[in-house]
Amino acid sequence: MESVENKNITRLYKGDKEIILIGTAHVSKESVRLVEEVIHAEKPDTVCVELCESRLQTIKDKALWREMDIVKVIKEKKSFLLLSNLLLASFQKRIAEKLDVVPGQEMIKAVEAGEAEGSAIIPADRDIGITLTRTWRNVGLWARLKMLFQLLLSVVGGLDEINEEEIERMKQEDILTTLLAELGESFPELRTILIDERDRYLCRKIMDAPGNKIVAVVGAGHVPGIRNNWDADDDISELESAPSGGKGVAAAKWIFPAAVVALFGYGFFSGGSDVGADMVKYWFLANGILSATGAVIALAHPLTILTALLAAPLTSLNPLLAAGWVSGLVEALLRKPKVHDFETLSDDIRSVKGFWRNKVTRILLVVVFTNLGSTIGTLVAIPLITKSFSALLILAFIWIVVLLIANRRPAEKKV
């Protein structure tokens, strides 16, 4: 067959390699047709797709959800990442219904066509968990709250008011970038992580793919970045892990709890047992009640709610633990997901009710909302236990120092 030429096809060369780069629209039926046509015409040694290994496996194995160990997810502190993935999947499915297309169908077709031609299939995108983690750790508290709100809004909000401009943006960007586009305007660091870093990553992975003829299928929005990075001898090793934050951040996690405990001691010493006892009482009530409220919102089991009530005041003073992890494990033991929950997961995440009905997603909601309630409880408890002006000033100063240390990012590596 003759090679296919199209404005969305870019031919790049590196040594004896020829790379046919296809820039696709993620909600376009035309892109699906073009991908299939090019792969069958070129018969490449390798097909690279803008998918990470986990997303590729999900496409290949539709029953992969059934093998998920929800307890392991909580213990490995991946509840937020899994819930984020499910929220993105929900948004994708609702777009599919709205526009009568399947977002990412061109990637599925690329895999199918490549396998039909005997080509090696290479997932060239960075793991979405690493992307979300780097995004989460590289922005401040306010951006984190807005990010979480944006993801939740993607399920609660309707798509009826979607306009032509937003549809065109979806054709050029992936789902995560589309959802966080508004945040990207206020926080440029999000664009660096979601677009620029992944351009570098995709470029290197495509360049290093085996074979002399490679077809690479990526969203059209990544094509300019890949071309700009093509001649760079780039080291992407630092992009494959989440930033640790260094010793300063680790120390900062202990400074605030230590300060709170010190304030309890100050209360007992300066005001007597009654004042000290009141401070401890306010801390337990604020943390416990608001954390339990989060569990109630998630429709947790009564014993899970009680666990959140008792655990939050203690876990708030230990940066190695979180109320949500404790309550999530209790919920998973009391209401262990069954095979049916995993089988219906893809359908249940289409609606708000489904997220609360399915035992898998409800456990994740318990973790997230309980942690959120505990965080709010800590903020409420601070003014309650620091009634004296001097104590409040001391704690405010310590809190500012903690924020400065926690938000200090390690120096970027030169590439």
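Miscellaneous remarks
- Under the Karplus curve 6.51 cos²θ - 1.76 cosθ + 1.60, θ = phi - 60°, whole-Hz ³J(HN,Hα) for the range 297-310, x wherever Gly or Pro sits: 4, 7, 6, 6, 5, x, 5, 5, 4, 5, 4, 4, 4, 7
- Environment charge of I20, counting only residues whose C-beta is closer than 9 Å and scoring Lys/Arg +1, Asp/Glu -1: 0
- Full extension of the segment from D233 to K353, taken as 0.36 nm per residue of separation minus the current Cα-Cα distance, would add 38.3 nm.
- Under 12 Å, Cβ to Cβ, from G118 - net charge with Lys/Arg +1 and Asp/Glu -1: -2
- In terms of its C-alpha gyration tensor, the range 251-331 has an oblate overall shape, because the principal axis ratio a/c (a ≥ b ≥ c, square roots of the eigenvalues) is not below 1.5 and a/b does not outweigh b/c.
- Net charge of Cβ neighbours under 14 Å - reference T304; Lys, Arg +1; Asp, Glu -1: +3
- When the C-alpha to C-alpha distance is required to be over 21 Å, the pairs from K109/K353; K78/K253; K75/K281; K7/K213 that qualify are K109/K353; K75/K281.
- Nonlocal amide H pairs with I122, under 5 Å, H built at 1.01 Å: V47, C48, V49
All of the numbers you see were taken from the coordinates with simple rules; none came from a lab. Because the structure is a prediction, the values reported are computed rather than measured. Virtual Cβ from ideal backbone geometry, glycine too; neighbours counted across all protein chains shown.
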